[in-house]
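Trainee: Structure in structure tokens, see below.
Every number in this text was worked out from the coordinates using simple rules, so none of it is lab data. Since the structure is predicted, the reported quantities are computational estimates derived from the model, not experimental observations. Using ideal geometry, Cβ is built from the backbone for each residue, glycine included, and neighbour counts are taken over all protein chains shown.
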Amino acid sequence: MNPKQQRAVEILTRLEAQALDIGTAAELLGVSPRQVRRLRLRFRDEGFGAVVHGNRGRSPVNRTDPALLDRILALTGPGGKYHDLNVSHLQELLAGPEESIVIGRSTLDRLLRQAGLRKEAVASAPVHRRRRARRPAEGMLLQIDGSPFDWLEGRGPRASLIGAIDDATGKVVFLLFRPTEDQVGYLLLLRTVALDYGLPMSIYHDRHTILRSPKQPTLEEELAGQTPMSQIQRVMAELGIESIPAYSPQAKGRIERLWGTLQDRLTKELRLAGITALEAANAFLPGFIERYNARFAKAPQDPNSAWVMLPADLDLNYYFAVRESRKVRADHCISFSGRILQLLPDPKGPGLVEKSVTVHVVPEGDIYLYHAKRPIPYRQVPSSEPVPLKSPVRQALRPPKPVDPKAAARRRGWLFAQG
């Protein structure tokens, strides 16, 4: 008998010896006086067995089937394909169509701990931080970031995962694998989110130079009231999106926690799908995002969305692009990235010689030219075609240089003096 049962026997013995009354015995045993009378009758008939529970020695009706337990342990053991999944993720995959094993999360956790396949989590040192409430409506605040990590676990190249999560709902609105954290990834993020959902009111991000220029304004910029901006910073400013830089990873904790979850869940699912290339990984992401949002996204406090829809006539190539300025030469050509671009005649447009045009490069690599917001048609001059360095019109109008009859004599005199 355990100590609790031994104590019950001692109390019942004292009750039989009339050293205790029924009320005191009931208080000591933590039961009602009626139950004490029943225990005393059983104690007289059965002795010590009266305090032993009737289910002792019987198998529980909710006991996990040993064959099912062996199957689970084979899948989650050192050689199993689910050997390093967390319990919550493991429960979801076991319940899927491939395994069809429905089991409670707490039961699964207990079985794995009993088998020595999971260890107790080590608590980190507590840090006092102030909680920031979620935004009430979807689209009011996006958190964006990039996470460089070995997402394919050595089966393919390392990559950075560019992502965005809505602050109000925890919904993942964009994920994309890129070789590195670059401008193209963030341009695709902004454009995709704008087309699928609309423009957010504000974006929370770190102080990466891609997202925030570290340059100090020049004197001319200060006088003009201008601030140096990165390309992505400029896109957000032109679209009316407030840019909020974070001063610590904890400040944008929602997307930092997302990376921890994805580095645990997504890597395993990519492995189970046998993916070894970034193209296949990007094709896998839409289905994963849908499952993730169905599992973890929350309903916003305010059901009225704050997304701002794009105008139907918005020129995407003008806004969602990297820009550089070029000065138009006399032959109506500009040089960009080792290429010569010939501006085509535009009867309705002004003359652009000696004026600046902007070269817009979209994420796909296509080039568009603009003067202010007016698109400019152009063609690329083939490398085999000679490019005029001077305007033939200006060359014809330029007066001939007068000939100095004494220049040749001066040159001959200088040569003789040198001899």
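Trainee: Test of understanding: ordering Leu285, Leu73 by Cβ neighbours within 10 Å, fewest first, what list do you get?
Mentor: Leu73, Leu285
Trainee: In addition: Mind checking the dipole of the chain: about its Cα centre, +1 per Lys or Arg Cβ, -1 per Asp or Glu Cβ, Debye to the nearest 20?
Mentor: 760
Trainee: Compute the FRET efficiency between Arg38 and Leu68 as 1/(1 + (r/R0)^6), taking r as their Cβ-Cβ distance and R0 = 25 Å, and round to the nearest 0.05.
Mentor: Plugging the Cβ-Cβ distance into 1/(1 + (r/R0)^6) gives 0.05.
Trainee: Treat the count of other C-beta atoms within 10 Å as a stand-in for reagent exposure and order Lys268, Lys348 from fewest to most.
Mentor: Lys348, Lys268
Trainee: Name the residues whose placed amide hydrogens come within less than 5 Å of the amide hydrogen of Asp206, ignoring near sequence neighbours (fewer than 5 apart) on the same chain.
Mentor: Close amide H contacts, sequence-distant or interchain: Ala246.
Trainee: Another one. In deg cm²/dmol, rounded to 500, what helix-only [θ] at 222 nm does the chain give when every DSSP H run of at least 4 residues adds -39500 (n - 2.57) and the total is split over its residues?
Mentor: -11000 deg cm²/dmol
Trainee: Using the Karplus equation 6.51 cos²θ - 1.76 cosθ + 1.60 (θ = phi - 60°), what ³J(HN,Hα) coupling, rounded to whole Hz, does each residue of segment 181-186 give in order, writing x for Gly and Pro?
Mentor: 6, 9, 4, 4, x, 6
Trainee: Also, I was wondering about something else. To the nearest 20 Debye, how big is the dipole of segment 69-114 about its Cα centre, given +1 on the beta carbon of each Lys and Arg and -1 on that of each Asp and Glu?
Mentor: 160
Trainee: Work out, in µm²/s and without decimals, the Stokes-Einstein translational diffusion coefficient of the chain at 25 °C, 0.890 mPa s, Rh from Kirkwood over C-alpha pairs.
Mentor: Roughly 84 µm²/s, to the nearest whole number.
Trainee: Another question, then. For the cross-link pairs Lys215/Lys268; Lys268/Lys298; Lys327/Lys348, which exceed 32 Å when the distance is taken from alpha carbon to alpha carbon?
Mentor: Cα-Cα > 32 Å for Lys215/Lys268; rest within.
Trainee: Could you work out how far the C-alpha centroid of segment 194-256 sits from that of segment 276-350, in angstrom?
Mentor: So the separation of the two Cα centres works out to 17 Å.
Trainee: Sort the following peptides by mean Cβ neighbour count (other Cβ atoms within 10 Å, averaged over residues), highest first: 332-343, 93-104, 168-179.
Mentor: Ranking, from highest mean packing down: 168-179, 332-343, 93-104.
Trainee: Can you tell me the length gained on complete extension of the stretch Val122 to Gln250, counting 0.36 nm per residue apart and subtracting the Cα distance?
Mentor: 44.1 nm
Trainee: Note the full-extension length gain between Thr267 and Ser356 as 0.36 nm times their separation in residues minus their Cα-Cα distance, in nm to one decimal.
Mentor: 27.3 nm
Trainee: Something else: Going by the alpha-carbon gyration tensor, a ≥ b ≥ c the square roots of its eigenvalues, is segment 69-114 rounded (a/c under 1.5) or, if a/c is not under 1.5, prolate (a/b greater than b/c) versus oblate?
Mentor: Rounded shape, in that the Cα axes give a/c under 1.5.
Trainee: What aspartates and glutamates could a cross-link reach from Lys355, if we take a straight Cα to Cα line under 18 Å and drop same-chain neighbours fewer than 8 places away?
Mentor: Output for Lys355: Glu324, Asp331, Asp346.
Trainee: Let me ask something additional. Please list, in order, the residues from segment 149-176 whose amide nitrogen is less than 14 Å from a point placed 7 Å along the Cα→Cβ vector of Glu290.
Mentor: Counting backbone N atoms under 14 Å from the label point, the list is empty.
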